[in-house]
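Undergrad: The structure's right below; bear with me while I get my questions together.
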Amino acid sequence: MSRKRSLVKELLADFPDTPENEVQRICENSGWSAEVARKKLATGEGPVHPEVPNQAETAAMLRDIKSGEDKGKPYKEWGHPQYSFYKWAEKEVNGRFERSQFVYNSTKSKVAASTAQGPPDGSTWIWFIVADLSVSENGTAVLKGDKFQAGWLRNSSEAADASTIKQRKAEMIDSVLKGRQNEYGLQRSGVPVGFKHKWNYSDSSWGSTTTTGVIWEEEKLEDRWKICVTFPEFAEPGGCPRSWVVVAEQRAEKLNKNQYLTNMKGTQYPLEENTASQKDLRASILKEHQSRCYRPPVSASPLGAWLVKKPKNAK
């Protein structure tokens, strides 16, 4: 057993009411000094003995954080008995990286009208997108990256199995990170490799940004599509260039042979400009997003095991 693990085990025996993650945190903050850590535990450094919420309170707190409704909540304040749990829950919801959510709804129309009917109207595709969004000084934004087929439904009223889709997303991120082909993508039939699409997207909004004149181009590869989406008026001209990593799910419902109704929901992570380690940062962001695809419910997580049970002094 390592020295660090031995120290944690020893302190847990002396302070049985203190959760293991709190003991480990205090050991880390004490430089793994047994004397310093013991003193902090004995004097109560911050909310070492939190009032652990029950399952209903836990779920409510996570919903508050996710929806942004946690503003002004007392458990956000240092010293509150649930502060330690709140800080963990905040990280569980928001992750290590700054990010923002967006929803993009639009009707897309083929630039070159098709004469072939193809799959029946109502057919719905589920796509998974990993791409880079860059905004130039003139305000034009370009989204470039990979689009994978994650599922297909015979009509829009059907529902895909959520756990299966999450698993495929994680595998698709793995394909991007490791530069290898995606097994599920290789099994998709349809148009041949090299086939190209070009679409006009109706005016809509990307998060809080109004979009107009959007052109979406894509080319079929063996296991995915390469996309290049141009937003001519994404931002005001004269601003600083910016870039993000975008991870999103898109649903496309066929209205007729030349038009589809699309709904894309996703997360965009800002990348620092002029950073030599941008590639590493991008990889770290995708790895964290990938881990969220596998995330178990709170009550099943290692920390959740003690977070959702009653404290020993509860009546």
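The values are calculated or read from the model by the stated rules, or taken from the named source; none is laboratory data. Nothing here was measured: the structure is a model prediction, and the numbers come from that model. Quick reminder, even Gly has a Cβ in these numbers, built from the backbone with ideal geometry, and neighbours come from all protein chains shown. What goes into the accessible areas is simple: the full protein's heavy atoms, side chains included, and nothing from ligands, DNA or RNA. Shrake-Rupley method; radii C 1.70, N 1.55, O 1.52, S 1.80 Å.
Undergrad: All other residues with a Cβ under 14 Å from the Cβ of PRO120 taken together, and with Lys, Arg as +1 and Asp, Glu as -1, what is their net charge?
TA: Net charge around PRO120: 0.
Undergrad: Mind checking Rg over Rh on the stretch 93-226, alpha carbons, Kirkwood formula for Rh?
TA: 0.96
Undergrad: Let me ask you something else. For a quick check: with amide H placed at 1.01 Å from N, whose amide H comes under 5 Å from SER205's, ignoring anything fewer than 5 positions away on the same chain?
TA: ASN105, THR211
Undergrad: Taking the Cβ-Cβ separation of SER291 and SER208 as r and a Förster radius of 22 Å, what is the calculated FRET efficiency to the nearest 0.05?
TA: 0.20
Undergrad: Set the Förster distance to 25 Å, then compute FRET efficiency between SER123 and ALA170 from the Cβ-Cβ distance, nearest 0.05.
TA: The pair SER123/ALA170 has a calculated efficiency of 0.50.
Undergrad: Would you mind listing how long the stretch 174-247 runs along its three principal axes, going by Cα atoms, in whole Å with the largest first?
TA: Largest first, the stretch 174-247 extends 43, 27, 18 Å along its Cα principal axes.
Undergrad: May I pose another question? Could you tell me the center-to-center distance, by alpha carbons, between the stretch 150-213 and the stretch 106-144 in angstrom?
TA: 10 Å
Undergrad: I need the peptides 187-199, 162-174 ranked by packing, meaning the mean over residues of other C-beta atoms within 10 angstrom, with the highest value on top. Write down the numbers at each step before the final one.
TA: Working: 187-199: 11.7, 162-174: 16.7.
Ranked from most to least packed, the peptides come out as 162-174, 187-199.
Undergrad: Still on this structure, please answer the following. Rolling a 1.4 angstrom probe over the protein heavy atoms, how many square angstrom per residue are accessible across the stretch 122-216?
TA: Values: 4570 Å² over 95 residues.
With all protein chains present, the stretch 122-216 gives 48 Å² per residue.
Undergrad: For a label point 7 Å from the Cα of ALA283 along Cα→C-beta, name the residues of the stretch 130-151 whose backbone N is under 20 Å from it.
TA: 130-133, 145-146
Undergrad: Using the structure shown, list the pairs from LYS166/LYS220; LYS108/LYS220; LYS71/LYS287; LYS108/LYS226; LYS73/LYS265; LYS169/LYS226 with a Cα-Cα distance above 21 Å, or answer none.
TA: Over 21 Å apart, Cα to Cα: LYS166/LYS220; LYS71/LYS287; LYS73/LYS265.
Undergrad: Here's a follow-up. Could you run the Karplus curve 6.51 cos²θ - 1.76 cosθ + 1.60 with θ = phi - 60° over the stretch 162-171 and give me ³J(HN,Hα) per residue in whole Hz, x for Gly and Pro?
TA: Per residue, the Karplus-derived 3J(HN,Hα) values read 4, 5, 5, 5, 4, 4, 5, 4, 4, 5 Hz.
Undergrad: On the full set of protein chains, 1.4 Å probe, figure out the accessible area of LYS73 and give it in Å² to the nearest 10.
TA: Spelled out: LYS73, probe radius 1.4 Å, area about 60 Å².
Undergrad: Can you pull the percent of the stretch 65-196's accessible area that's carbon plus sulfur, 1.4 Å probe, other chains left in place?
TA: For the stretch 65-196, the apolar C and S fraction of the accessible surface comes to 49 percent.
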